[in-house]
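**Student:** Okay, here's the structure, questions in a sec.
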Amino acid sequence: MDMFTQMEKKRFWILVIIVSISGFSQGMLLPLISAIFERDGVSSALNGLNATGLYIGTLLVSPFMEAPLRRFGYKPVIIGGGILVFCSLLLFPLWKSVVFWYILRLLIGIGDHALHFSTQTWITSFSPQQRLGRNIAIYGLSFGTGFAVGPLFVPLVNFFEGLPFIVSGLLCMLAWSLVFKLKNDFPDVMKGNVVTERFVTRFKATFVVAWLAFLGPFGYGFLESSLNAMYPVYALRNGIDLTTVSFILVAFSVGGMVSQLPLGMLSDQIGRRRVFLIALGGGAASFGVASVLETSTAAVLSLFFVAGLFVGSIYSLGISYMSELTPKQLLPTGNLLCGIFFSIGSLTGPFLGGLFLEFEASFSFLLLIAMFLGTLFVALLVGGTRATSTTA
């Protein structure tokens, strides 16, 4: 029986549009600022370090997100997060400074996480069980759409350096304004004894049962940040122009958008772990082949699209896997941990990418990505086998 009311459908689609803000701001900021810093002669290591601001902001605010959500509800947290994001975007053109831009990225990380955590928890709390997988896939698709559109705004920097920031800030404000059409609500699953438990206790309990699922957000965070923050620098040094780099990054995002719903539905049929393994294995193989054929722009663009088909959905696959493994009362903590592991992965990407470019490794940057995905594949294969044998 369809338990999704008309009001819940309206709420769902507004939340889906709002979460695209997060994907859009991240998808645009990472390649845009990396390209600007590269043009200005900023070192690769400092460039990579600056890209971590977005995710350090997320990590800093994560332990404090549950309390305001319980006290004020979903809507005020979304409003606060949205204001932080679009105000920070509009402040970028005012003063060009590595430190100032790092602080702004830190604030955008905090705002993005407020948007992510509140919308994600709201959707998982009111979605009926039979629609949960589908709704999470659409949620991931929305983030991916925003993320794919983001890099297309990077070439605006050729007209005026502050133009991409201004246009994106105004677009974010427009999407964010839809939240005022929603009635505030509170997370029922956080009431009762769970509220009194310490965050660390809930953290441990959730991690024990669902650590395999967190490989999805962790892996996607690594891919998103390393491809969007450091790959443009690598590509520019290898003679690929900025517009072509933007299209290569969009190809990856579009691949993820195309496969989001089909992979989500397939995981409902054959199991989350199996689809997860297929995605990681296919992604590792795609980037491995791309590293060999990277002298051909057409081949790289095509293989980025294929890689996106496989691993562009691992964030939403991770969320649905977590929802399946985690008890209902720990679901908000599980959603919070998805954001934390996404941020850890996002911090790891620019750090390793920056080191790679600084020391000018003899192998391809894309091979580094392939090896990372291969490592996750082995961890999921071995970890999942052990978990199965333990419960058997």
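**Student:** Give me the 1.4 Å probe accessible area per residue for the chain, excluding ligands and nucleic acids, in Å².
**Tutor:** On the way: 15420 Å² over 392 residues.
Accessible area per residue, the chain: 39 Å².
**Student:** I'd like to compare 75-88, 286-299: which one has the highest average count of other Cβ atoms within 10 Å, and what's the full order after that?
**Tutor:** Descending packing order for the listed peptides: 75-88, 286-299.
**Student:** Ignoring any ligand, DNA or RNA, what whole percent of the accessible area of the stretch 46-143 comes from carbon and sulfur when the probe is 1.4 angstrom?
**Tutor:** Looking at the stretch 46-143 in its full context, I get 74 percent from C and S.
**Student:** Now a separate question. With springs only between Cα atoms under 10 Å, which of Leu104, Leu178, Leu89 fluctuates most in a Gaussian network model of the chain?
**Tutor:** Maximum fluctuation in the GNM of the chain, among the listed residues, is at Leu178.
**Student:** Take the chain, connect every pair of alpha-carbon atoms lying under 10 Å apart with a spring to form a Gaussian network, then pick out the residue of Asn238, Asn228, Asn47 with the largest mean-square fluctuation.
**Tutor:** Comparing Asn238, Asn228, Asn47 in the GNM, the peak value goes to Asn238.
**Student:** What does the charge add up to near Leu263, with Lys and Arg as +1, Asp and Glu as -1, over the other residues with Cβ less than 14 Å from its Cβ? Walk me through the numbers on the way to the answer.
**Tutor:** On the way: positive: Arg134, Arg272, Arg273, Arg274; negative: Asp268.
Taking every Cβ under 14 Å from that of Leu263, the sum is +3.
**Student:** Moving on to the next point. Short version: ³J(HN,Hα) in whole Hz for each residue of the stretch 14-27, in order, from phi by Karplus 6.51 cos²θ - 1.76 cosθ + 1.60 (θ = phi - 60°), x for Gly and Pro, what are they?
**Tutor:** 5, 5, 5, 5, 4, 5, 5, 4, 4, x, 5, 5, 6, x
**Student:** Before anything else, pin down the relative contact order of the chain: Cα pairs under 8 Å, at least 6 apart, normalised by residue count, whole percent. Intermediate values should be presented prior to the final figure.
**Tutor:** On the way: 619 pairs, mean separation 104.5, N = 392.
Computed over the chain, the figure is 27 percent.
**Student:** Starting from the stretch 83-191, pick out the trypsin sites (Lys or Arg not before Pro) whose DSSP state is loop and whose Cβ has at most 14 other Cβ atoms within 10 Å.
**Tutor:** Listed in order of number, the matching sites are Lys96, Lys183, Lys191.
**Student:** Ignoring any ligand, DNA or RNA, what whole percent of the accessible area of the stretch 198-274 comes from carbon and sulfur when the probe is 1.4 angstrom?
**Tutor:** C and S fraction of accessible area: 65 percent.
**Student:** Something else about it: Which residue, Ile56, Ile314, Ile108, has the most motion in a Gaussian network model of the chain that connects Cα atoms within less than 10 Å?
**Tutor:** Looking only at Ile56, Ile314, Ile108, the largest GNM fluctuation is found for Ile56.
The values are calculated or read from the model by the stated rules, or taken from the named source; none is laboratory data. Just so it is clear, the model here is predicted, and its values are computed rather than measured. Every residue, glycine among them, receives a Cβ derived from its backbone with ideal geometry; neighbour counts consider all protein chains shown. These accessible areas exclude ligands, DNA and RNA; they are computed on the full protein's heavy atoms, side chains included. Shrake-Rupley method; radii C 1.70, N 1.55, O 1.52, S 1.80 Å.
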